[in-house]
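The values are calculated or read from the model by the stated rules, or taken from the named source; none is laboratory data. Here the structure is a predicted model, which means the values were calculated and not measured. Cβ sites come from the backbone with ideal geometry, for glycine too, and all protein chains shown count toward neighbours.
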Amino acid sequence: MSQIRVAVFPGVFDPLTLGHLDIIRRGAALFDRLIVAVANNPAKQSLFSTEERLALVRRAAAGLRNVAVDSYKGLTVQYVARHGASVILRGLRQHSDFQYEYQLALTNRTISGIETVFVAADERVAYISSHLVREVAALGGDVSGLVPKHVRAALRKKLAGPPCRRPIEPPL
Ligand code: ADP
């Protein structure tokens, strides 16, 4: 019997965008099982809490039968090894992502032997970033072409709350 291929797609997902969702769908088609792992890094300020980011990803992936959604703390490669996965899945947006992603992939392989597989998103969503989604939403712009409906609703609710919870970012 051939080996079951499990991949982990790690990220911050603050919040999940249509770009992330495209990579999740492609990963689900490429691997037997895909775990979307939401990073819980208390040192990094995020707009949505880990639980909120997890819930938004879970809802988006609900229809994908071989996709599980989880959160994790610490080194990604340790999480990957603990869950019997052999591959880290990452998306590539444009060449500006490449330098950092390449460095990360080589570092992860050196410290653990775990390989990283890169997938290109559909060109219609490949430019989307959580950072710009947060910025557009904070300034009252329409994010409906950038995120799933439930994420748009969550952004509206969140940004109607106290402004001190918003991360400080440079203007558009
Ligand atoms: P990071 O983990 O680098 O802080 P994210 O959590 O936003 O950033 O992204 C997780 C993964 O999703 C990364 O591999 C990133 O390149 C990928 N990704 C995010 N947005 C897109 C997109 N629009 N198209 C392709 N890949 C994307």
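Odds and ends about this structure:
- Residues of region 72-86 that turn out to be away from the ligand (no atom under 15 Å from the Cβ), loosely packed, with under 15 Cβ neighbours inside 10 Å and without any contact (Cβ under 8 Å) to a residue 40 or more places away in the chain, as a count: 2
- Of L56, L16, L89, L21, all but one fail to be within 13 Å of the ligand (Cβ to nearest atom), buried (at least 18 other Cβ atoms within 10 Å of the Cβ), under 15 Å from E115 (Cα atoms) and under 13 Å from the mean Cα position of the chain (by Cα); the exception is L89.
- In region 115-141, the residues that are touching a residue at least 60 places away in the same chain (Cβ under 8 Å), surrounded by fewer than 18 Cβ atoms within 10 Å (Cβ to Cβ) and charged (D, E, K, R): D122
- Of the helices (runs of 4 or more DSSP H) lying entirely inside region 40-135, those carrying at least 3 residues that are out of contact with any Leu (no Cβ under 6 Å at 6 or more places or on another chain) and modelled with pLDDT under 95 are 95-112.
- Yes/no for G113 being over 19 Å from D32 (Cβ atoms) and within 12 Å of the ligand (Cβ to nearest atom): no
- Among the numbered conditions (1) within 18 Å of V8 (Cα to Cα); (2) surrounded by 13 or more Cβ atoms within 10 Å (Cβ to Cβ), the only one that T107 does not meet is (2).
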